[in-house]
Ligand code: TYM
């Protein structure tokens, strides 16, 4: 079974990206043929700095490697280096009803964030994502739950293409974390997901001091009981989730441990758990940073391996459509 996933090189990865997706990638690569991408063509749909984007791509790949993505097992690519992604995106755009795209929640969110950036790329974003996945006939896509509407569109498009031109693409399954972590919330507003754009997240590269400061000043709920209750205690529930995912302790164990102890002690311990949980990653990343050539080599090798699959599949698509 083939697996595809990607992340935008648009700012430092945070623990939401890690706990919601990247950690799963590392596990899943043990069992599946995987392709992981830095999706730079997605990153240019919102404002970006041309002087920094390539550096951001390399930083993202360093994050993948430091987290444990193994370039010997998995293929790592930069989306813009495989032109078939945009070729298939155009083909799929030709059969995408605009109404499907207008009702996607991430489209509305992005317009709210960038009201002056009402461009076609933001609207067509999920079609490029569908192309990323379908280009390799991937059937598994590990993501956070914010991406599920895009997976639905991917399936809708695959079905539509198959109906119009003959069976080509298999159905796709979005793999979200079972249990918890599919949506880590912001530290400053626990009703919103943690995102790369604001300072409301913990970056994977944050120093211990920064992590302590961010957790200390993070918004908490009223009351003082450490209890998992997403509706009435969204901040504490989010902290419990993060603690659980880094420490492996169950929510019930944590509730018991901090019963009658108040939020301050819980938050102090949470900082230490996060610092410890990121230590290996940070150490490995520092090591990898010393050898930037290695990343270039991994990407060149990934491009070569991915290109072969992409060429073959796009050819099939064009033959089915009568273009070849
Ligand atoms: P991106 O770059 O916004 O996020 C990368 C991954 O991190 C997950 N994620 C989260 N998980 C839990 N809690 C959070 N607060 C949180 N924030 C982000 C995202 O769900 C995602 O899995 N459209 C994608 C990139 C993409 C893609 C693809 C993914 C392009 N083509 C093909 C899979 C397959 C995106 O913007 O992810």
Checklist outcome for this item: Tilt, helix 53-67 to longest principal axis of the chain (alpha-carbon atoms), in degrees rounded to tens, equals 60 degrees
Item to check | Neighbour-count order for 285, 52, 305, fewest beta carbons within 10 angstrom listed first | outcome: 52, 305, 285
Checklist entry - Using the Cα gyration tensor of the stretch 220-262, with a ≥ b ≥ c the square roots of its eigenvalues, what is the shape: rounded (a/c below 1.5), prolate (a/b larger than b/c) or oblate (neither)? => result oblate
Checklist entry - Which shape class, rounded, prolate or oblate, goes with the stretch 4-121 when its Cα gyration tensor gives a ≥ b ≥ c as root eigenvalues, a/c under 1.5 marks rounded, and past that a/b bigger than b/c marks prolate? => result prolate
Checklist entry - Helix 263-289 versus the longest principal axis of the chain: what is the Cα-based angle in degrees, 0 to 90, to the nearest 10? => result 40 degrees
Item to check | Using a Förster distance of 22 Å, the FRET efficiency for residue 253-residue 225 (Cβ separation, nearest 0.05) | outcome: 0.90
Checklist entry - Counting only DSSP beta bridges with both residues in the chain, what percent are antiparallel, rounded to the nearest 5? => result 20 percent
Checklist outcome for this item: Helix-only [θ] at 222 nm, the chain, -39500 (n - 2.57) per DSSP H run of 4+, per residue, nearest 500, equals -16500 deg cm²/dmol
Item to check | Pairwise centroid distance, computed over Cα atoms, of the stretch 288-324 with the stretch 15-78, Å | outcome: 15 Å
Item to check | √(5λ) per eigenvalue of the Cα gyration tensor, the stretch 62-126, largest first, Å | outcome: 29, 18, 10
Checklist entry - Which whole-number percent gives the relative contact order of the chain, counting Cα pairs below 8 Å spaced six or more residues apart? => result 22 percent
Checklist outcome for this item: Expressed as a whole-number percentage, the relative contact order of the stretch 208-286 with C-alpha contacts under 8 angstrom and at least six residues apart is 36 percent
Checklist entry - Once the piece of chain linking residue 48 and residue 167 is laid out straight, how much longer is it, given 0.36 nm per residue of separation minus the C-alpha distance between them? => result 39.0 nm
Item to check | Rg to Rh, two decimals, where the stretch 107-168 supplies the alpha carbon set and Rh follows Kirkwood | outcome: 1.04
Item to check | Projected-area average for the chain over all orientations - Cα convex hull basis, square nanometres | outcome: 17.0 nm²
Item to check | Acute angle (nearest 10 degrees) that the helix 208-217 long axis makes with the longest principal axis of the chain, alpha-carbon atoms | outcome: 70 degrees
Next on the checklist: With N set to the number of residues, divide the alpha-carbon radius of gyration of the stretch 1-71 by 2.2 N^0.38 Å and report two decimals.
Outcome noted: 1.11
Checklist entry - What full-extension length gain, to one decimal in nm, is calculated for residue 156 and residue 282 as 0.36 nm per residue of separation minus the Cα-Cα distance? => result 41.4 nm
Checklist entry - Using 17 Å as the cut-off for backbone N distance, which residues of the stretch 172-188 belong to the label zone defined by a point 7 Å from the Cα of residue 112 along Cα→Cβ? => result 184-188
Item to check | Residues 185, 148, sorted so that the one with the fewest Cβ neighbours within 10 Å comes first | outcome: 148, 185
Checklist outcome for this item: hull vol. (C-alpha, convex hull) per residue for the stretch 237-324, Å³ -> 170 Å³
Checklist entry - Which order results if 221, 70, 63 are arranged by neighbouring Cβ count within 10 Å, fewest first? => result 70, 221, 63
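None of the figures in this text is laboratory data; all of them are computed from the coordinates on show. Note that the structure is a prediction, hence the values are computed from the model and not measured. Neighbour counts are summed over all protein chains in view; Cβ atoms, including those assigned to glycine, are modelled from backbone coordinates with ideal geometry.
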